[in-house]
Amino acid sequence: MVREIFNELINWIGNNIGRTLGGITGFIIAILVLTIGFFKTLFMVICIGLGIYIGGINNKREKFKALIEKLFSSSNRNL
């Protein structure tokens, strides 16, 4: 009985990963607001968002660099 419920829960989480992550994120933010306050939590969320944004720029730069190197490598030249 318990194993069936656990398997159902795992299947639901797998099928609804966006809802699951959203719920966990909301829960963590609620705990932070209640423990350290709204503005400190807002500051943390802004810092995390900036970190994700800056990290994404770096990833895009690396992908772009790899693409350029692949396009202009000496093995691709048919002279």
Gly37 being at positive phi and small (Gly, Ala, Ser): yes
Thr35 being modelled with pLDDT under 95 and among the hydroxyl-bearing types (Ser, Thr, Tyr): no
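The values are calculated or read from the model by the stated rules, or taken from the named source; none is laboratory data. Just so you know, these numbers come straight off a predicted model, no measurement behind them.
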